[in-house]
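The values are calculated or read from the model by the stated rules, or taken from the named source; none is laboratory data. Since we're looking at a predicted model, the values are computed, not measured. Cβ placement follows ideal geometry from the backbone for every residue including glycine, while neighbour counts extend to all protein chains displayed.
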Amino acid sequence: MSPTRNAHTEAASGLQDGSAHSERQRFVGLYRAMLTIRNVEEVIQSLFLKGEVYGTTHLCTGHEAVAVGVASVLDEKDRVAATYRGHGHALALGVPPQMLIDELLGRATGINGGRAGSMNVTSLEHRLIGCFGIVGGSIAAATGAALAVRRTGNVAVAYFGEGATNQAYFFECLNFAATLNLPIVFVCENNVYSEYTRTSDLSGGDILSRAVSLGVPAEQVDGMDVWLVRECAGRAVARARNGNGPAFIEAMTYRFVGHSRSDPAKYRPDGELERWKLRDPLKLCRERLMSEGIAPSDLDAIEAEVTSEIEAAAAAALTAPWPAPDSLPSEFKE
Ligand SMILES: Cc1ncc(C[n+]2csc(CCOP(=O)(O)OP(=O)(O)O)c2C)c(N)n1
């Protein structure tokens, strides 16, 4: 089945005929996709604080360029595993914002019928084999998916945080992927913190060397710049697709919000957040688009359009139907 996409992901994905879309238009699509993620995360946070979101939430605000840049080089039959911080990945892969917001509010119209919630969003139709709450779980799931897609010329992508590179999954799966020459791209989103601790206080050595020592070529990229992420991911995905085996990307990024729920992130040193915000991926992208000749008023119009689309989706989610009790799996019925 062909994945369902919105206009923004269609443009962003680069899956349309290249001749019909100039490079400039493609990057406007990437900007729109990042704006969508930012706006969805903002409404989710506000609905969470009002008690409308069930379970917990881990927002990816600040990581948008990684999700969008990598998704933009994937094709229709690739496979992706993400983490509990996976709303952005789902949206970048084409899950409609309305269906994601509905899901987080536990509504029947959610992408998983309201049964998955924030941490377990899955949509095979959109290439997303799952979001995993177990740190490092996405690495194992994507490695399994790489085994499944290796005969079809497709690739698997594992997203995970830098804290997951201390997990056994990381070492076992990179070793396995290198040994079997699997078509997989490991995308580590290094956002500096693992929950409430600076990851450098938990880890020995550097992350790129770990991947290289297991036989996986590794590259670091500025995860705030969607152009650079797209180029880096393009190289890694092409390598895997051409039968040259796994690749590892360490995307340097920062989460602008706390780890989860209403974590105020007081463990950060003064000024750190502000310094990273100077390199907000949306700001960098907007500046780049303006330098390419796109009028600020056109970008303002896109921003206003996305904001009102997502606000309308949030309002609609609040009135969406609940799942019928008899739609519960039989083991949950009395
Ligand atoms: C196996 C396992 N151990 C511990 C946890 C608790 N936990 C949830 S998120 C997290 C931090 C992970 O940090 P990182 O991998 O850097 O990802 P980030 O949350 O920064 O995106 C931990 C320890 C867990 N979910 N799974």
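Overview of values
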read-out	value
Pick from the range 45-82, criterion more than 16 Å from the ligand (Cβ to nearest atom) and of a type in the set (Val, Ile, Thr), ranking: nearest to the chain's Cα centre (by Cα)	Val68
Selection status of Leu202, at negative phi, in contact (Cβ under 8 Å) with a residue 60 or more places away in the chain and not charged (D, E, K, R)	no
Selection count, the range 52-77, where residues are modelled with pLDDT under 95 and among the small types (Gly, Ala, Ser)	1
Selection count, the range 85-111, where residues are touching a residue at least 60 places away in the same chain (Cβ under 8 Å) and within 24 Å of Gly161 (Cα to Cα)	11
Restricting the range 123-145 to residues that are among the small types (Gly, Ala, Ser) and within 15 Å of the ligand (Cβ to nearest atom), the residue that is surrounded by the most Cβ atoms within 10 Å (Cβ to Cβ)	Ser138
Members of the range 189-210 found to be within 15 Å of the ligand (Cβ to nearest atom) and touching a strand residue (DSSP E or B) at 6+ places or on another chain (Cβ under 7 Å), listed by number	Glu189, Asn190, Asn191, Val192, Ser194, Thr199, Leu202, Ile207
Contacts under 8 angstrom Cβ, first residue in the range 149-178 being surrounded by 24 or more Cβ atoms within 10 Å (Cβ to Cβ), partner of a type in the set (Asp, Glu), 6 or more apart	Val155/Asp78; Ala156/Asp78; Val157/Asp78; Tyr159/Glu189; Phe160/Glu189; Gly161/Glu189
Scan of the range 147-160 for residues that are touching a Lys or Arg at 6+ places or on another chain (Cβ under 8 Å) and closer than 14 Å to Val185 by Cα, ordered by number	Val149, Gly153, Asn154, Val155, Ala156, Val157
Neighbours by Cβ (under 8 Å, 6+ apart or cross-chain): first from the range 228-240, touching a residue at least 60 places away in the same chain (Cβ under 8 Å) and under 15 Å from Phe27 (Cβ atoms); second charged (D, E, K, R) and not in a helix (DSSP H, G or I)	Leu228/Asp222; Val229/Asp222
Test: residue in the range 148-158 that is within 14 Å of the chain's Cα centre (by Cα), at positive phi and more than 16 Å from the ligand (Cβ to nearest atom)	no
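Each row is one residue, and each column tells you yes or no for (1) among the small types (Gly, Ala, Ser); (2) closer than 21 Å to Arg85 by Cα; (3) within 16 Å of the ligand (Cβ to nearest atom); (4) buried (at least 18 other Cβ atoms within 10 Å of the Cβ).
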| position | (1), (2), (3), (4) |
| --- | --- |
| Gly245 | yes, no, no, yes |
| Ile249 | no, yes, yes, yes |
| Thr253 | no, yes, yes, yes |
| Asp263 | no, yes, yes, no |
| Glu274 | no, no, no, no |
| Arg279 | no, yes, no, no |
| Leu282 | no, yes, no, yes |
